[in-house]
Amino acid sequence: NVEVLKYCTDVKYLDMGHNTELANFDFVNYMPKLEIAIVVDSDIPNLDAFGKCPNLQWLEIVNCQEVRDLSPLANCTHLKGLNISANFDINDLTPLYGLQEMERLFLGHQDLTEEDVKAVQNALPNCWVAA
């Protein structure tokens, strides 16, 4: 039961990775100070809650097969690092184009085209992109 985590409103660093039983991340809605989140190998259905974390600087959502939409991250204007490797249903990177503070973007093991990768590189010229 992770619902009680919503009372941890001062959380800055969250590692909920390697937890295939966890699919409800609504508690993140109550963590406005969150800076770093690792959600690897989970059944997270979407990134809506992380889009409400204005201080988020690093997000790792590797091998989270339910994630398809990056649009909530467009609100994370301080995001410096994002690892979305091995999420094969993510095919629209345009929500990331406005994240001009982005320094590192990991796209490995994706079903993205070369054009998709070049477009995000052009949109984020100061970002190192690993595809």
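The values are calculated or read from the model by the stated rules, or taken from the named source; none is laboratory data. Quantities reported herein were computed from a predicted structural model and do not represent experimental measurements. Note: ideal-geometry Cβ built from the backbone for every residue, glycine included; neighbour counts use all protein chains shown. All accessible areas refer to the heavy atoms of the entire protein, side chains included, with ligands and DNA or RNA removed. Shrake-Rupley method; radii C 1.70, N 1.55, O 1.52, S 1.80 Å.
Couple of notes before you dig in:
- Flag if Leu14 is farther than 24 Å from Asp111 by Cα, within 13 Å of the chain's Cα centre (by Cα) and part of a loop (DSSP other than H, G, I, E, B): no
- Identity of the residue in the range 77-131, modelled with pLDDT of 95 or more and aromatic (Phe, Trp, Tyr), that ends up least open to solvent (accessible area, probe 1.4 Å): Phe106
- Count of residues meeting criterion [in contact with a strand residue (DSSP E or B) (Cβ under 9 Å, 6 or more places away or on another chain) and over 13 Å from Leu5 (Cα atoms)] in the range 19-38: 4
- Residues of the range 58-68 satisfying the condition of being within 22 Å of Gly98 (Cβ to Cβ) and within 10 Å of the chain's Cα centre (by Cα): Trp58, Leu59, Glu60, Ile61, Val67
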